[in-house]
1. Provide the gained length on full extension for the span GLN148 to GLU264, in nm with one decimal, where the gain is 0.36 nm per separating residue minus the Cα-Cα distance.
2. Provide Rg over Rh for region 1-95; use the alpha carbon set for both Rg and the Kirkwood Rh (inverse mean inverse pair distance).
3. For region 81-132, taking Cα atoms only, what is the radius of gyration to one decimal and the Dmax to the nearest whole Å?
4. What angle, in degrees between 0 and 90 and rounded to the nearest 10, separates the Cα long axis of helix 253-264 from the longest principal axis of the Cα atoms of the chain?
5. When we measure straight from the Cα of LYS80, which lysines land under 26 angstrom away, once same-chain ones fewer than 8 places off are left out?
6. Over the Cα atoms, compute the radius of gyration (one decimal) and Dmax (the largest Cα-Cα distance, rounded to a whole number) for region 38-168, in Å.
7. Please state, as a whole number in µm²/s, the translational diffusion coefficient that the Stokes-Einstein equation yields for region 96-217 at 20 °C and 1.002 mPa s, with Rh defined as the Kirkwood radius across alpha carbon pairs.
8. Using alpha carbon centroids, what distance separates region 107-159 and region 222-275, in Å?
Amino acid sequence: MSSLPSPKLNTEDLDALITANHILHYNKVLDAYGHISLRHPEKHDVFIMSGDRAPALVSSQSDLIEYNISDSSPVDPSSKKGYQERFIHSEIYKCFPEVNSVIHSHSEAVLPYTMSGVAMKPTFHIAGFLGTHVPIYDIVPLYSEDDQQDMLVNSQKFGASLASTFSTSASASSTPNHNVVLMANHGFTALGTSIKQAVYRAVYTHVNASVQTNAITLRNAAIGAGVSVEGELRFLNEEQVAGSLKMNDASQDRPWGLWVEQVETCRMYEHTRSHDR
Ligand SMILES: [Zn+2]
C-alpha cells in the first residue's frame, strides 16, 4: 500500500481530491467508473488518484496512490491495484505542464455525442470553456490485430494519442488548445489547472450535453407537431465562448462551495480527514 501523505504534501489537497470524487458522483459525472487525479503539488513528475474502487466510496487518504508520470507505474511498487486507464492522466500531465487535474468520465448525457455524428456545442455561458469545437478522440484506428478492442486507454500509446487531441498543433505543445475531449463510444476527458477548475468543467460538460439534447429534441418535436420554429439552433460563437471562459474561471468558487456542502451533508459519502484521525 502506498505511504501517503508524502513529505511536504499539503493534506488539504488530498482532502479536496477525495471531496471531488464525491462531487463528481453526486453530479452523475462518475458512477462506478471514471476517475479524477491531481498532479503532486511538490513532486511535479508524480500524480495522485484513487486505487481501483468506485469514486463515491473513496473515503480516506489511504485510498489514494501515487504514480510516476513517466510511465504510470506506482511510486511504491507494493501499492494496491489501480485503475487501468491511469495512462489518460499520466500522458496528459506529461504533455501539458500547466495541467494539475484530469477527469475521465463515461457520462450518460455526453455519450450520445461520442457516437451519433452530432457535434457537441456550447449551449450556454456556463459552458464557455468548451470552445466552439470539441474534438473527438477515436482509439479504434490505433488498434493492432492482437489488441483486445475494449476501448480502454490502458497503455502509454493510447494515452499519448488522447493527450495529443487536446492540442491543435502538429508538434508537441505545452499548452492545451482544448479543455475537453470526447472519446468515441467511450466518454470524455476534461482537464484544469486545479481540481476546482477540472470539476467545474466536467460537471458542466455533462450539463451542457443534457441541455443540447433537450434543445434538439424540443425543436424536432415542435417541427413534427406542426409548431412554428424560428431560425436555426443557436450556440455560443467565438467571441461569446472567449468571454464566458473568463467568467467561468472567475466564478467557479460558487458551485464548488455548493457541491462541497451537498456531499458533506449526504450520508452515503464518508470522508475521514487526516486531522480526524
Ligand atoms: Zn473509460
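1. Values: separation 116, 0.36 × 116 = 41.76 nm, distance 4.02 nm.
Additional length available on full extension: 37.7 nm.
2. Working: Rg = 12.2 Å, Rh = 13.2 Å.
Taking Rg over the Kirkwood Rh, I get 0.93.
3. 14.1, 40
4. Approximately 60 degrees, to the nearest ten.
5. Filter leaves LYS8, LYS43, LYS94, LYS157.
6. 16.0, 46
7. On the way: Rh = 14.8 Å.
D, rounded to a whole number, is 144 µm²/s.
8. Cα centres, region 107-159 to region 222-275: 20 Å.
Each value in this text was obtained by applying a stated rule to the coordinates, not by laboratory testing. Values in this document were obtained by computation on a predicted structure and should not be read as measured data. When we count neighbours, we look across all protein chains shown, and the Cβ atoms used for this are built from the backbone with ideal geometry, even at glycine.
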